[in-house]
1. What are the radius of gyration and Dmax of the stretch 68-220, computed over its Cα atoms and given in Å?
2. With all protein chains present, how much of the accessible area of the stretch 78-168 (probe radius 1.4 Å) comes from carbon and sulfur, to the nearest whole percent?
3. With no solvent and one point per C-alpha, what does the Debye sum give as log10 I(q)/I(0) for the stretch 25-158 at q = 0.14, 0.18, 0.21 Å⁻¹?
4. Distance cut-off 25 Å, Cα to Cα: go down the list Lys73/Lys110; Lys73/Lys170; Lys52/Lys146; Lys90/Lys134 and report the pairs above it.
5. Based on alpha-carbon centroids, what's the gap between the stretch 68-124 and the stretch 136-174 in Å, whole number please?
6. Once you have the Cα-Cα distance between Arg43 and Met169, take 0.36 nm times their residue separation minus that, and quote the gain in nm to one decimal.
7. Taking the Cβ of Leu145 as the center, what net charge do the other residues with Cβ under 14 Å away carry, scoring Lys and Arg +1 and Asp and Glu -1?
8. Could you tally the net charge around Ile162, taking each other residue with its Cβ under 14 Å from the Cβ of Ile162, Lys/Arg +1 and Asp/Glu -1?
Amino acid sequence: MAAAVSASASVSVWVPVAAALLLLLLGPAPSLGVSFSLAPNNRKCLREEIHKDVLVTGDYQISDQPGLSAHLKVTDSSGHILYSKEDATKGKFAFTTDDYDMFEICFESKLPPGHFRVPDQVVTLNTKHGVEAKSYEDIAKAEKLKPLEVELRRLEDLSESIVNDFAYMKQREEEMRDTNESTSARVLYFSIFSMFCLVGLATWQVFYLRRFFKAKKLIE
């Protein structure tokens, strides 16, 4: 009887945990939503790593301050401009990554000479990528999909995204393992080389001291 109660309690504890894990896996991809102050003649950037062939969207809003203008620029690690907007106040941007890379979103505030100091601008930025960035309403209208078909399409894209993430993690694990094995082999070879050097140096010192003591007639 006690064993049955214990088993029932264990099941009741694991059910919410399993449900939470399922919601975590099937939930939308994480988005980046931030808000910060941008001082005059200052520059702030945000960076994020994105996988290959991933859609990235973002919407931004910059508070209006007299005399201040803000410039927005989105670039990759090679310096290629993915999106640029001068005198940005409010808008959206979107791009698709060609390779696994780190992209950078930079806001720069400009205050013309001769202007008195004005309050900081407030920047609000919300970026989405992957499944969350896709507009399934537009896809449903374009392909005339039913609500259930749209949900299945979203789950299919989400599953593909999870598989790609695991594949990338496996690839990184293999690269790190190869690096560790290569480093260990180099350390082993260096240790063997150092040992031979020490043995050779010790042998040379023995023969040198033997000749020295013989020359001084301290030993026969």
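1. Using the Cα atoms of the stretch 68-220, the pair Rg, Dmax is 32.9, 106 Å.
2. On the stretch 78-168, the fraction of accessible area on carbon and sulfur atoms equals 55 percent.
3. Debye intensities relative to I(0), on a log10 scale: -0.71, -0.99, -1.19.
4. Lys73/Lys170; Lys52/Lys146
5. Going from one Cα centre to the other spans 30 Å.
6. Working it through step by step, the gained length comes to 42.0 nm.
7. Value of the local net charge: -1.
8. It works out to a net charge of -3.
The values are calculated or read from the model by the stated rules, or taken from the named source; none is laboratory data. Here the structure is a predicted model, which is why all the values come from computation and not from measurement. When we count neighbours, we look across all protein chains shown, and the Cβ atoms used for this are built from the backbone with ideal geometry, even at glycine. Quick note on the areas: whole protein, heavy atoms, side chains included, nothing else; ligands and nucleic acids left out. Shrake-Rupley method; radii C 1.70, N 1.55, O 1.52, S 1.80 Å.
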